[in-house]
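The structure under discussion appears below in the form of structure tokens.
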Amino acid sequence: MATIAEALDRLSRSKFRASFHLSRKDLAYLEEKGEDTIKRHAQDFVKIKLSPAEPANDGKQTPMSGHPVFKAMHATACCCRGCKEKWYRVPQHRELTETEQEAVVSLLMAWLRRQKDRTYFGLAGDRKKKRAGVCDENIG
């Protein structure tokens, strides 16, 4: 399995996966709740939406917005079992192990931290900023 840095680098080369960014509202939510709470949310979402051998509504179970972790799940290809198999070769139709769940949560948290770092460097923002020509490269 690839390291988190390698996975994030590979994902950043996908036009679709690299299109996900946290909004100012998402960033404020992260700041308000803190990393420990967000990690617990990620653990819960992974356990419910990704871990089962046959997740309910697989392929459509993760909303595109509504929580920063949902965006992270799409950005990291951990949104459904099909994407998980395609990107990480984790077979479908079997429950994820505790170790696999922990690896997903670690990847999600790393992506969220990277998004927070974008704010520090002035690269985060809303769609209006992107249209205005703000650099959209990942900070590595």
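The table below lists the values:
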{"item": "Enumeration of residues in the range 74-87 that are touching a Phe, Trp or Tyr at 6+ places or on another chain (Cβ under 7 Å) and free of Cβ contacts under 8 Å to residues at least 60 places away in the same chain", "result": "HIS74"}
{"item": "Any hit, the range 117-140, residues being crowded, with 18+ Cβ neighbours inside 10 Å, in a helix (DSSP H, G or I) and at pLDDT below 95", "result": "yes"}
{"item": "Residue within the range 88-99 that is within 21 Å of ALA2 (Cα to Cα), free of Cβ contacts under 8 Å to residues at least 24 places away in the same chain and not in a loop (DSSP other than H, G, I, E, B) present", "result": "yes"}
{"item": "Every residue from the range 64-81 that is in a loop (DSSP other than H, G, I, E, B) and under 17 Å from VAL105 (Cα atoms)", "result": "HIS67, THR76, ALA77, CYS78, CYS79, CYS80"}
{"item": "Of all residues making up the range 31-49, the number that are touching a residue at least 24 places away in the same chain (Cβ under 8 Å) and either touching a strand residue (DSSP E or B) at 6+ places or on another chain (Cβ under 9 Å) or under 11 Å from VAL105 (Cα atoms) (or both)", "result": "8"}
{"item": "Qualifying residue in the range 2-19 (condition: in contact with a Pro (Cβ under 9 Å, 6 or more places away or on another chain) and not aliphatic (A, V, I, L, M))", "result": "no"}
{"item": "Filter result (under 13 Å from ALA110 (Cα atoms) and not polar (S, T, N, Q)) within the range 1-29", "result": "ILE4, ALA5, GLU6, ALA7, LEU8, ASP9, LEU11"}
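The values are calculated or read from the model by the stated rules, or taken from the named source; none is laboratory data. This one's a predicted model, so the numbers in the text were calculated from it and none came from an experiment. Every residue, glycine among them, receives a Cβ derived from its backbone with ideal geometry; neighbour counts consider all protein chains shown.
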